1. Along the Cα→Cβ direction, 7 angstrom out, place labels at B:SER53 and B:TYR71. What is the inter-label distance in nm?
2. For the B and A pair, go ahead and give the buried accessible area with a 1.4 Å probe, both sides summed, in Å² to 100.
3. What does the extension gain come out to for A:LYS13 and A:ALA38, with contour length at 0.36 nm per residue minus their alpha carbon separation?
4. Work through the residues other than B:TYR71 whose Cβ is under 13 Å from its Cβ and net out their charges, Lys, Arg +1 and Asp, Glu -1.
5. Under a plain spin-label model, where a point goes 7 Å from the Cα along Cα-to-Cβ, how far apart in nm are A:LEU114 and B:SER82?
6. Can you list the aspartates and glutamates whose alpha carbon sits under 19 Å from that of B:LYS70, skipping same-chain ones fewer than 8 residues off?
7. Could you pull out every one of the lysines with an alpha carbon less than 27 Å from that of A:LYS13, ignoring same-chain neighbours closer than 8 positions?
8. Quick check for me: using +1 on Lys/Arg Cβ and -1 on Asp/Glu Cβ, what's the dipole size of the protein assembly as shown about its Cα centre, in debye to the nearest 20?
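The values are calculated or read from the model by the stated rules, or taken from the named source; none is laboratory data. Predicted model, so just to flag it, every value in this text is computed and none were measured. Because the Cβ atoms are built from the backbone with ideal geometry, glycine has one as well, and the counts that use them run over all protein chains shown. To get the accessible areas, we keep the full protein, side chains included, count just its heavy atoms, and leave off ligands, DNA and RNA. Shrake-Rupley method; radii C 1.70, N 1.55, O 1.52, S 1.80 Å.
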Amino acid sequence: DAGVTQSPTHLIKTRGQQVTLRCSPKSGHDTVSWYQQALGQGPQFIFQYYEEEERQRGNFPDRFSGHQFPNYSSELNVNALLLGDSALYLCASSFPVRSDNEQFFGPGTRLTVL
Amino acid sequence: QKEVEQDPGPLSVPEGAIVSLNCTYSNSAFQYFMWYRQYSRKGPELLMYTYSSGNKEDGRFTAQVDKSSKYISLFIRDSQPSDSATYLCACLGNYGQNFVFGPGTRLSVLP
């Protein structure tokens, strides 16, 4: 049973560029959440997708956008990159309607903005 | 005040020690409480999951939740060097709300 997968593993971009990160959820999961984890900090919620719609959003600017595909995989797009966007970007998948709401994380994409 | 707080450590203990990790939270709407373990440069791995108040045990790990004091604990018995990692607590409200994580506590178990 494949867990949550993310690509690419590492990415280096320069300020002002745009980036797309990808996530495939755990088999059978239909909800994908994205988190940003700065060095030495806990993950911060960016947004969650279910049924190809953004269901919830954290306190992140519109430069952060996403998409979910019919096969439940998801993309995170960040425009006009800033130095402060350098972080580990984590994708987590879950069932939204189960009472336990467990989330399983992928290994993350480490983004460095120069 | 942050919604979920943890002592960032680092916490260093000798192999075989009992480790106590703690979080406090401020939002009384939180109903679900999780502990994640995160190795360096890896994604968080779910360790324990608890609904509402009470204890839950899984092998060497015990999670406790006291909703009256908004206090969450994780105990690790017979700690091993392989337990060296950052431990994140996370809280979740009812259906439709997002996870809120603490900043994590870095643990080192010395052989």
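1. Result: 1.2 nm between the two label points.
2. Numbers: alone 6120 and 6180 Å², together 10570 Å².
Summing both chains' loss of accessible area gives about 1700 Å².
3. Numbers: separation 25, 0.36 × 25 = 9.00 nm, distance 1.63 nm.
Length difference between fully extended and current span is 7.4 nm.
4. -1
5. Going by the 7 Å Cα→Cβ label model, 3.8 nm.
6. Leaving aside aspartates and glutamates fewer than 8 places away in the same chain, those within reach of B:LYS70 are B:GLU3, B:GLU5, B:ASP7.
7. The qualifying lysines are B:LYS42.
8. Working: 19 positive and 21 negative charges, 102 e Å.
The dipole magnitude comes to about 500 debye.
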